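The values are calculated or read from the model by the stated rules, or taken from the named source; none is laboratory data. Remember, it's a predicted structure, so these values are computed and weren't measured experimentally. Glycine gets a Cβ as well: all are built from the backbone with ideal geometry, and neighbour counts include every protein chain shown.
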Amino acid sequence: MELSRGATVSWGGWRMKSEGVCDLAARSHMKLHGKRIGVACVVGGVALLVGMGVAVNFARARAAVQEARTAQSFGERVKAEQTRAAEARAQAEARAAEADGERTAGQAEREKVRAEAELVMAELQEKGAKGLRVLVFSKTGWFRHPEIPRTNGWLVKLGASERFEVDVTETAEDITAARLKDYQVLVLNNSNAMGEVMKPVQLKAIEDFYKGGKGIVGLHAALVHQTATWPWLTEIAGCDFDSDSDFSKVKVMVDPGAKDFPGLKGMPDTFEYSADWHNHTRAVTGLPGFSVLMRLDESTYTPVREYFRARGGKAMGKDHPCAWTHVGGGGRFFYTDLGHDLRSLDTAFGKQFIAAGIRWAAGTR
């Protein structure tokens, strides 16, 4: 340490005036506040000052190192937290992407199901547009059965449950070739003496309809008083009306050859059933193209009621058909005695039998 001449050094409340390093080396004593001290004291003080400075600097360095280590540790913790946060974010994004994928797959599946359903509906609508259509005609030229309107409604409901369309009319002017072409079956709901209420051109339209491969279904009085004014119907039906019974429960016998007819499915060979039963001018058994479905056991009821007995009405005897089919003349004809009123129709068997007769006449058995 070099002190310039005349410099004053202070330490610990002490002050000393230097006259230069060389003077310190040449002199053994110097004054400090009027006192003489040895050079060694001065040198020791200077060394102490230097030592204290080194110590202070070392402490500061150590504090700086510790601070740096602390900062490094904090930085490492921050970095670790950032790493964990990044991993958590990546996992959350992966789960979100997976969920999006599942939602996308679910949406695709729902869209596929919806498309398939729409396709099925379109096919059903197309089939419905081309499906079985039935026209019911119920105008009468002789006795009018009181339940004709209710039977018309019943036929409409039957069509709805059996998936075929039913239209109803009592207007003879509706029976034209142009309108009949939209139907596969014409149902005659107790339409007796039709020649009395229809013009020849309208009857001709029905004949051409049948000859063109279509079907006719006759309910109950459809075969009453037709021969005199429209013999063609008697020809395809096989007979006309003679008399009838009161509403009676009878023993019905299924013809052995008719057991496979859909309308008789599940029925025993014989069963009891109630209706108003007709006596016809002849039995159609054995006529070309005719097939008897059911017969009546006349021993189980009174076949001719008093009104007709007084007028010469006759029972049919052991061969008493009450339902049959005829294939011939270009078309298909189905007849049943059922239909005087809803009591004979609105049963499980009645619904099954009439629906099957309509489908058979349409050729969709």
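Quick notes
- Residue within the stretch 172-186 that is among the acidic types (Asp, Glu), under 19 Å from ASP341 (Cα atoms), surrounded by fewer than 21 Cβ atoms within 10 Å (Cβ to Cβ) and at pLDDT 95 or above present: no
- Test: residue in the stretch 200-223 that is surrounded by 17 or more Cβ atoms within 10 Å (Cβ to Cβ), out of contact with any strand residue (DSSP E or B) (no Cβ under 6 Å at 6 or more places or on another chain) and part of a loop (DSSP other than H, G, I, E, B): no
- Only residues that are over 24 Å from GLY213 (Cα atoms) and of a type outside the set (A, V, I, L, M) were counted in the stretch 140-183, giving 16.
- LYS130 vs. criteria modelled with pLDDT under 95 and surrounded by fewer than 10 Cβ atoms within 10 Å (Cβ to Cβ): yes
- Residues within the stretch 287-342 that are farther than 25 Å from LYS265 by Cα and of a type in the set (S, T, N, Q), tallied: 2
- One residue alone among VAL250, VAL304 is assigned to a loop (DSSP other than H, G, I, E, B), more than 22 Å from ARG332 (Cβ to Cβ) and at pLDDT 95 or above, and that residue is VAL304.
- Tally of residues being within 17 Å of LEU223 (Cβ to Cβ) and exposed (fewer than 14 other Cβ atoms within 10 Å of the Cβ) across the stretch 271-313: 1
- Condition check for ASP246: surrounded by fewer than 20 Cβ atoms within 10 Å (Cβ to Cβ), within 43 Å of the chain's Cα centre (by Cα), in the same structural domain as VAL166 (by TED's automatic domain parsing) and not polar (S, T, N, Q): no
- Search result, residues across the stretch 264-303 that are charged (D, E, K, R) and more than 18 Å from MET316 (Cβ to Cβ): LYS265, ASP269, GLU272
- Boolean, ASP260 is loosely packed, with under 15 Cβ neighbours inside 10 Å and within 30 Å of TYR183 (Cβ to Cβ): yes
- Out of TRP360, TRP324, sole residue that is touching a Lys or Arg at 6+ places or on another chain (Cβ under 9 Å) and either outside any loop (DSSP other than H, G, I, E, B) or under 29 Å from ALA205 (Cβ atoms) (or both): TRP360
- Residue in the stretch 171-192 that is farthest from ALA348 (Cα to Cα), counting only those that are assigned to a loop (DSSP other than H, G, I, E, B) and out of contact with any Phe, Trp or Tyr (no Cβ under 7 Å at 6 or more places or on another chain): THR176
- Taking residues in the stretch 138-151 that are over 9 Å from ALA193 (Cα atoms) and assigned by TED's automatic domain parsing to the domain that holds ILE216, and partners anywhere that are of a type in the set (A, V, I, L, M) and part of a loop (DSSP other than H, G, I, E, B), the pairs with Cβ atoms closer than 7 Å and at least 6 places apart or on different chains are LYS139/VAL197; THR151/LEU345.
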